[in-house]
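Presented below is the structure to which this report refers.
The values are calculated or read from the model by the stated rules, or taken from the named source; none is laboratory data. Quick caveat, the model's predicted, so the values are computed rather than measured. Heads up, the Cβs are rebuilt from the backbone with ideal geometry, glycines too, and the neighbour counts pull from every protein chain shown. Side chains are part of the model used for accessible areas, which takes the heavy atoms of the whole protein and leaves out ligands, DNA and RNA. Shrake-Rupley method; radii C 1.70, N 1.55, O 1.52, S 1.80 Å.
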Amino acid sequence: GYDLREADIRDFALDFGGNLLRWQLLRGKADTSTPELYRAWLDAELDKLDAVMPALKKYGVKVAIDLHGGPGTNQDRFLTNQLSWDVPNQNLFVETWEKIARRYKGNPMIYGYDLLNEPVAENYVRGVENPWLAISERLVRVIREVDPDTPIITEPDFANTRPLADRNVIYSPHFYSPHAYTHQGVLGQVRWSYPGVIDGVYWDKEQLRVSMKEVIEFQKKHGVPIFVGEFSVINWAKGGDRYLAD
């Protein structure tokens, strides 16, 4: 939830066996329309993380810092970030990660820096073959000038990318396939069960593996670590426990 207490972290760690928390820097309803407001929002969010860090350390829960709302990005209802290509916002993006890296370098509780939640770059800039790759390469350079060791997490389009030129990058897909099943009642009617035929395709563990093919092949080809930063199913979906287990 949005108001983590030590008791919540204890339950997460001891009752559920959790050892990693993806800490979302969420804009929510905050006004971040100017660089000054964005910087103020960022500082306030990092202060919130610092406030719970002692409890996280007490129970052995590491943190992946996830920039869930970037400077100048447009977000859809699922908080996917449509990238901004204008120079001031790019510079503020770089400044943001330089600030975070300076603040947390050498902190053993930080699992990694998740550069941006679900970046979307298609059809918004001309003359750049892979805009997210170009931006992330710049972010990696500035982070490494400050912090040479903390892993960097990126969420690329696995079908249209290559590994970043850094020894310590983690590649992160999100997984909700098939959306008609995992988001039923949010997107469309409540009608599907798992395993079973969903929108004309029989979904089971093998079909889940098929749908992760691009990620699996990328990992095997390049020998890089994979971190599935998000996956779930709506709690009223029939067979949801089996889906999560698979």
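Worth pointing out:
- Residue tally, condition over 21 Å from Ile135 (Cα atoms), open to solvent by less than 40 Å² (accessible area, probe 1.4 Å) and part of a helix (DSSP H, G or I), over the stretch 31-71: 8
Let's see how each residue does on (1) out of contact with any Phe, Trp or Tyr (no Cβ under 8 Å at 6 or more places or on another chain); (2) within 26 Å of Lys62 (Cβ to Cβ); (3) among the charged types (D, E, K, R):
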site	(1), (2), (3)
Thr154	no, yes, no
Ala159	yes, no, no
Ala165	yes, yes, no
Ile170	no, yes, no
Pro178	no, no, no
Val190	no, no, no
Tyr194	no, no, no
Val201	yes, no, no
Lys205	yes, no, yes
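- Options Asp66, Asp43; residue that is under 13 Å from Ile100 (Cβ atoms), in contact (Cβ under 8 Å) with a residue 60 or more places away in the chain and not aromatic (Phe, Trp, Tyr): Asp66
- Residue within the stretch 177-187 that is in contact with a His (Cβ under 9 Å, 6 or more places away or on another chain), without any contact (Cβ under 8 Å) to a residue 24 or more places away in the chain and open to solvent by 20 Å² or more (accessible area, probe 1.4 Å) present: yes
- Residue ID - farthest from Arg103 (Cα to Cα), chosen from residues in the stretch 125-151 that are acidic (Asp, Glu) and surrounded by 14 or more Cβ atoms within 10 Å (Cβ to Cβ): Glu137
To keep it simple, each residue is scored yes or no on (1) at pLDDT 95 or above; (2) touching a Leu at 6+ places or on another chain (Cβ under 9 Å).
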{"residue": "Leu139", "(1), (2)": "yes, yes"}
{"residue": "Ile143", "(1), (2)": "yes, yes"}
{"residue": "Asp147", "(1), (2)": "yes, no"}
{"residue": "Pro156", "(1), (2)": "no, yes"}
{"residue": "Thr161", "(1), (2)": "no, yes"}
{"residue": "Leu164", "(1), (2)": "yes, yes"}
{"residue": "Ser172", "(1), (2)": "yes, no"}
{"residue": "Phe175", "(1), (2)": "yes, yes"}
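- Selection over the stretch 53-86 of residues that are on the phi < 0 side of the Ramachandran plot and either in contact with a Cys (Cβ under 6 Å, 6 or more places away or on another chain) or modelled with pLDDT of 85 or more (or both) gives a count of 18.
- Residues of the stretch 1-25 that are of a type outside the set (Asp, Glu), part of a helix (DSSP H, G or I) and open to solvent by less than 80 Å² (accessible area, probe 1.4 Å): Ala7, Ile9, Phe12, Ala13.
- Test for Gly28: is it within 18 Å of the chain's Cα centre (by Cα), over 30 Å from Glu129 (Cα atoms), open to solvent by 20 Å² or more (accessible area, probe 1.4 Å) and not charged (D, E, K, R): yes
- With respect to (1) crowded, with 20+ Cβ neighbours inside 10 Å; (2) more than 30 Å from Leu115 (Cβ to Cβ); (3) polar (S, T, N, Q), the lone exception for Thr154 is condition (2).
- Across the stretch 230-246, the qualifying residues are those that are open to solvent by less than 50 Å² (accessible area, probe 1.4 Å) and touching a strand residue (DSSP E or B) at 6+ places or on another chain (Cβ under 6 Å), and the one among them that is nearest to Tyr111 (Cα to Cα) is Glu230.
- Looking across the stretch 217-228, just one residue is out of contact with any Phe, Trp or Tyr (no Cβ under 9 Å at 6 or more places or on another chain) and either surrounded by 12 or more Cβ atoms within 10 Å (Cβ to Cβ) or under 21 Å from Tyr113 (Cα atoms) (or both), and that is Gly223.
- Condition met for Pro148 (on the phi < 0 side of the Ramachandran plot and in contact with a strand residue (DSSP E or B) (Cβ under 8 Å, 6 or more places away or on another chain)): no
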